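Peer 1: Would you mind keeping the following structure in view while I ask a few things?
The values are calculated or read from the model by the stated rules, or taken from the named source; none is laboratory data. In this text the structure is predicted, and so the values were computed from the model without any measurement. Every residue, glycine among them, receives a Cβ derived from its backbone with ideal geometry; neighbour counts consider all protein chains shown. What goes into the accessible areas is simple: the full protein's heavy atoms, side chains included, and nothing from ligands, DNA or RNA. Shrake-Rupley method; radii C 1.70, N 1.55, O 1.52, S 1.80 Å.
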Amino acid sequence: MPLTVHQFPCLSDNYGFLARDAATGKTACIDTPDAAAILAALSQKGWTLDLILNTHWHPDHAGGNAEVAAATGAMIVGPAEVTRISALDREVRGGDEVMLGETRFQVIETGGHTLGHIAYFDAAEHIAFVGDTLFALGCGRLFEGTAEQMWTSLQRLAALPDDTAVYCAHEYTASNARFALSVDDDPTLKARTDQIFAQRQRGEPTVPTTIGLEKATNPFLRAPKLAQRVGAAGQPDHAAFGAVRSAKDNFKG
Ligand code: ZN
Ligand code: FE
């Protein structure tokens, strides 16, 4: 049975997500960037919240946990690192499963942006909630992990089916596109960025993206092909990735 995703912008550039299992009406929110926005979305939809699924501990992802849980009675599920800022009812790690009614989420370990970052994947519906690991044409900054750890995490996501809908936690796509064009002159990328700039001009979201689209155009996933361009020719894939990440960190676009 399908999983219905309701996506809404909140804070300056975050997305909030409600995911509802169609068979049972059980509903989860993925992260809690903004408690008020999440509660408003729930009442607008007429949905009751059962689960909070955290991807990582950052305040724009877990900062609203207490308020949302207090207002809804939802159970908080997330990686152990979330206890830095919030209580957890259930701690999960890579390889675990979380049920939302009849929907089964696989927990995928995606450390790098933070050490304990995880993603949630519905293998029946090909839907992934990836937090701050993979963005449309981008990836999360390496605040805690190494380039090697993040590269491994990104490869786990790249291994999901091409038609997987990827729900990233931020709308960073236009700025990611400007950077991508600075390191990659692939025509598929150029066509995609034209479309992205037009979408953003019209105020439309560029999320969700898909694994297939990211594998074809995301400079971080394409890092081994761009190695020469970022001064990492002949180096291992994760080093080429690290060089692309550093180039983005220093990019003034
Ligand atoms: Zn974050
Ligand atoms: Fe974030």
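Peer 1: All but one of (1) in a loop (DSSP other than H, G, I, E, B); (2) among the acidic types (D, E); (3) touching a Pro at 6+ places or on another chain (Cβ under 9 Å) hold for E148; state the number of the condition that does not hold.
Peer 2: With (1) in a loop (DSSP other than H, G, I, E, B); (2) among the acidic types (D, E); (3) touching a Pro at 6+ places or on another chain (Cβ under 9 Å) applied to E148, the lone miss is (1).
Peer 1: Okay, moving on. Find all pairs meeting these conditions: Cβ atoms under 6 angstrom apart; at least six residues apart or on different chains; first residue within segment 165-188 and free of Cβ contacts under 8 Å to residues at least 24 places away in the same chain; second residue surrounded by fewer than 21 Cβ atoms within 10 Å (Cβ to Cβ).
Peer 2: Qualifying pairs under 6 Å: L181/T193.
Peer 1: Restricting to segment 165-178, name every residue that is hydrophobic (A, V, I, L, M, F, W, C) and either within 16 Å of ligand 2 (Cβ to nearest atom) or surrounded by 20 or more Cβ atoms within 10 Å (Cβ to Cβ) (or both).
Peer 2: V166, C168, A169, A177
Peer 1: Which one of H117, H126 is away from ligand 1 (no atom under 16 Å from the Cβ), within 16 Å of the chain's Cα centre (by Cα) and under 22 Å from V98 (Cβ atoms)?
Peer 2: Sole residue among the options that is away from ligand 1 (no atom under 16 Å from the Cβ), within 16 Å of the chain's Cα centre (by Cα) and under 22 Å from V98 (Cβ atoms): H126.
Peer 1: Going residue by residue through segment 36-59, is there one that turns out to be open to solvent by less than 30 Å² (accessible area, probe 1.4 Å) and among the charged types (D, E, K, R)?
Peer 2: Within segment 36-59, none of the residues are open to solvent by less than 30 Å² (accessible area, probe 1.4 Å) and among the charged types (D, E, K, R).
Peer 1: Also, quick follow-up: Condition first: away from ligand 1 (no atom under 16 Å from the Cβ), open to solvent by less than 20 Å² (accessible area, probe 1.4 Å) and under 18 Å from T72 (Cα atoms). Now tell me which residues in segment 1-24 satisfy that.
Peer 2: L18, A19, D21, listed by residue number.
Peer 1: So if I check each of L137, L160, L154, L115, which one is more than 30 Å from S43 (Cβ to Cβ), open to solvent by 10 Å² or more (accessible area, probe 1.4 Å), of a type in the set (A, V, I, L, M) and in contact (Cβ under 8 Å) with a residue 40 or more places away in the chain?
Peer 2: L160
Peer 1: For the subset of segment 138-164 comprising residues that are touching a helix residue (DSSP H, G or I) at 6+ places or on another chain (Cβ under 9 Å) and among the small types (G, A, S), which member is nearest to ligand 2 (Cβ to nearest atom)?
Peer 2: Filtering segment 138-164 for residues that are touching a helix residue (DSSP H, G or I) at 6+ places or on another chain (Cβ under 9 Å) and among the small types (G, A, S), the one nearest to ligand 2 (Cβ to nearest atom) comes out as G140.
Peer 1: Counting only residues that are more than 22 Å from A169 (Cα to Cα) and among the hydrophobic types (A, V, I, L, M, F, W, C), which one in segment 224-246 is surrounded by the fewest Cβ atoms within 10 Å (Cβ to Cβ)?
Peer 2: In this case the residue turns out to be A233.
Peer 1: Note down all Cβ pairs under 9 Å where the first residue falls in segment 65-79 and is touching a residue at least 40 places away in the same chain (Cβ under 8 Å), the second is of a type in the set (F, W, Y), and they're at least six residues apart or on different chains.
Peer 2: Cβ pairs passing all conditions: G78/W57.
Peer 1: Test each condition in (1) touching an Asp or Glu at 6+ places or on another chain (Cβ under 9 Å); (2) more than 20 Å from C139 (Cα to Cα) for D96 and report the one that comes out false.
Peer 2: (1)
Peer 1: Let me ask something else. Condition check: modelled with pLDDT of 95 or more, more than 16 Å from ligand 1 (Cβ to nearest atom) and either farther than 27 Å from L42 by Cβ or not aliphatic (A, V, I, L, M) (or both). Does A147 satisfy that?
Peer 2: yes
Every residue, every condition in (1) at pLDDT below 95; (2) out of contact with any Gly (no Cβ under 6 Å at 6 or more places or on another chain); (3) aliphatic (A, V, I, L, M), yes or no:
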| residue | (1), (2), (3) |
| --- | --- |
| V5 | no, yes, yes |
| F8 | no, no, no |
| N14 | no, yes, no |
| T48 | no, yes, no |
| A62 | no, yes, yes |
| G73 | no, yes, no |
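Peer 1: So which strands (runs of 3 or more DSSP E) are wholly in segment 19-98 and hold at least 3 residues that are away from ligand 2 (no atom under 16 Å from the Cβ)?
Peer 2: The strands (runs of 3 or more DSSP E) meeting that bar are 75-78.
Peer 1: Could you tell me whether any residue of segment 81-93 is within 16 Å of ligand 1 (Cβ to nearest atom), small (G, A, S) and surrounded by 23 or more Cβ atoms within 10 Å (Cβ to Cβ)?
Peer 2: no
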